[in-house]
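Below is one structure, written out as structure tokens; comments come after it.
The values are calculated or read from the model by the stated rules, or taken from the named source; none is laboratory data. Being a predicted model, the structure only gives us computed values, none of them experimental. Please note: Cβ atoms are built from the backbone with ideal geometry, for glycine as well, and neighbour counts cover all protein chains shown.
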Amino acid sequence: MADDPFTTLWVYLAASPLLWLSLTLVCYLIALRIYRLGGESPWFNPVAIAVALLIGLLLLTDTPYQTYFDGAQFVHFLLGPATVSLAIPLYRERHRLQRLALPIVAALLAAVLTAASSAIGLGALLGASTETLISLAPKSVTAPVAMGISEKLGGLPSLTAVLVVSTGIVGAVLGTGLFRLLGIRDDAIKGFALGATSHGIGTARAFQVSPVMGAFAGLAMALSALVTALLLPPLLARFMASGG
Amino acid sequence: MPGGGARWSGPRHEGWRVAPEGLTTEAVVLEALTLILVCQLVGEVSVLITGLPVPGPVLGMLLLLAWLFLRGGVPESVGRAADALLAHLSLLFVPAGVGVLVHWERMRGQWAAIAAALVLGTLITLAVTALTMKAVTRLTGRGGSDNG
């Protein structure tokens with residue numbers, strides 16, 4: 001059949017989802033190790049490192065993204081069940097939620113409206129296309145929700161996914177430094193802002209700082225996914241109808 | 001690897017605690033995962049049928065939340081399944097992140113707009129959210145959290 005055993009092996013592996021699924025996990029584990037070696041500094045963001053490693057591998061082997069995704073989709077799929085699972089931290093924190101109901105509602109509305117309007121405003125100002133603007137709008141909420149919103153409104157769900165991940169990384173990298181600059185010391189507030197702005201990646205970062213920060217980030221991520229899903233499509237549809 | 005990481009590799013008798021329903025803990029975790037998947041499935045199907053403006057997984061999350069309130073607590077197995085899914089949440093974003101390859105051309109063409117929205121937009125949102133929460137917390141006169 002094939003000329004040399006290495007080619008035969010490669011042809012076999014390239015056709016199976018196993019290779020890229022395994023490599024996704026391996027690259028993530030390597031990224032985690034680099035992150036720890038880097039003293040857990042937010043600049044060594046594990047998602048960013050894993051993505052960079054995988055892109056390097058795909059370019060080196062001349063593998064199209066579709067082939068990669070045939071394997072990696074099993075990891076990607078778990079975003080849905082993970083979103084459903086957010087009900088658990090939400091339920092666990094229900095007392096604190098009641099106690100802080102007013103600040104949480106205010107911060108939540110501020111987050112959802114600022115995230116979408118700043119993205120659309122800055123994007124439009126610098127000449128992004130309508131498709132890109134719609135894809136940018138839900139970038140602060142967790143991937144499956146953001147992709148669903150983008151698709152409903154005529155954006156590009158896969159572009160939204162990339163922007164969601166980038167927003168998560170930016171927030172995780174810069175968040176703690178910004179809070180220090182602003183003089184915000186309360187872990188509940190820091191966590192909430194990080195989760196509302198940078199969804200799961202921000203929440204992962206918050207858990208690394210403290211459990212309280214993590215719980216509030218998870219809470220914010222779940223609430224903002226819900227509120228954005230409810231508010232953004234009708235608001236954006238109206239905005240587009242009026243603005244052209 | 002001495003011992004470590006062997007927990008899920010096969011039947012270990014001391015690990016097989018019997019759950020209240022008479023099932024092994026492993027089977028109970030399977031039930032919990034099934035519950036989570038079924039919540040998502042019902043959410044997705046409801047969205048398809050009714051055309052609600054909410055993504056399916058979010059509706060699934062609400063269903064699960066309602067179920068937890070009805071039940072009045074989180075069963076240990078459901079908590080464990082959810083914690084396992086959420087523990088490596090950032091891993092789940094990696095495949096989507098690699099998609100930057102597909103959109104490279106578009107992103108390069110509009111790089112200034114996208115970079116501004118990503119970096120400035122994110123910083124603005126972080127700041128506005130945190131400052132709003134701080135202000136309202138102070139106004140309502142209650143401590144932000146247990147650790148001050």
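Yes or no, residue by residue, for (1) surrounded by fewer than 21 Cβ atoms within 10 Å (Cβ to Cβ); (2) closer than 30 Å to residue A:209 by Cα; (3) modelled with pLDDT under 90:
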{"residue": "A:4", "(1), (2), (3)": "yes, no, yes"}
{"residue": "A:10", "(1), (2), (3)": "yes, no, yes"}
{"residue": "A:14", "(1), (2), (3)": "yes, no, yes"}
{"residue": "A:22", "(1), (2), (3)": "yes, yes, no"}
{"residue": "A:26", "(1), (2), (3)": "yes, yes, no"}
{"residue": "A:33", "(1), (2), (3)": "yes, yes, no"}
{"residue": "A:59", "(1), (2), (3)": "yes, no, no"}
{"residue": "A:62", "(1), (2), (3)": "yes, no, no"}
key: First in the range A:103-129 and on the phi > 0 side of the Ramachandran plot, second anywhere and of a type outside the set (Val, Ile, Thr), Cβ under 6 Å, 6 or more apart   = A:127/B:113
query = When you go through (1) at the interface with chain A (Cβ under 8 Å from one of its Cβ atoms); (2) closer than 24 Å to residue A:163 by Cα; (3) in a helix (DSSP H, G or I) one by one for residue B:54, which number turns out not to apply?
reply = (3)
ask   = Given the structure, is residue A:239 touching a helix residue (DSSP H, G or I) at 6+ places or on another chain (Cβ under 6 Å), part of a helix (DSSP H, G or I) and assigned by TED's automatic domain parsing to the domain that holds residue A:166?
value = no
note = In the range B:85-105, anything farther than 15 Å from residue A:81 by Cβ and among the hydrophobic types (A, V, I, L, M, F, W, C) is listed as B:94, B:96, B:98, B:100, B:101, B:102, B:104
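Is it true that residue A:9 is more than 23 Å from residue B:101 (Cβ to Cβ) and either outside any loop (DSSP other than H, G, I, E, B) or hydroxyl-bearing (Ser, Thr, Tyr) (or both)? Steps first, please.
Numbers: more than 23 Å from residue B:101 (Cβ to Cβ): yes; either outside any loop (DSSP other than H, G, I, E, B) or hydroxyl-bearing (Ser, Thr, Tyr) (or both): yes.
Against the criterion (more than 23 Å from residue B:101 (Cβ to Cβ) and either outside any loop (DSSP other than H, G, I, E, B) or hydroxyl-bearing (Ser, Thr, Tyr) (or both)), residue A:9 qualifies.
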message = Within the range A:178-186, does at least one residue satisfy the condition of being of a type in the set (A, V, I, L, M), more than 7 Å from chain B (Cβ to nearest Cβ), free of Cβ contacts under 8 Å to residues at least 12 places away in the same chain and out of contact with any strand residue (DSSP E or B) (no Cβ under 8 Å at 6 or more places or on another chain)?
response = yes
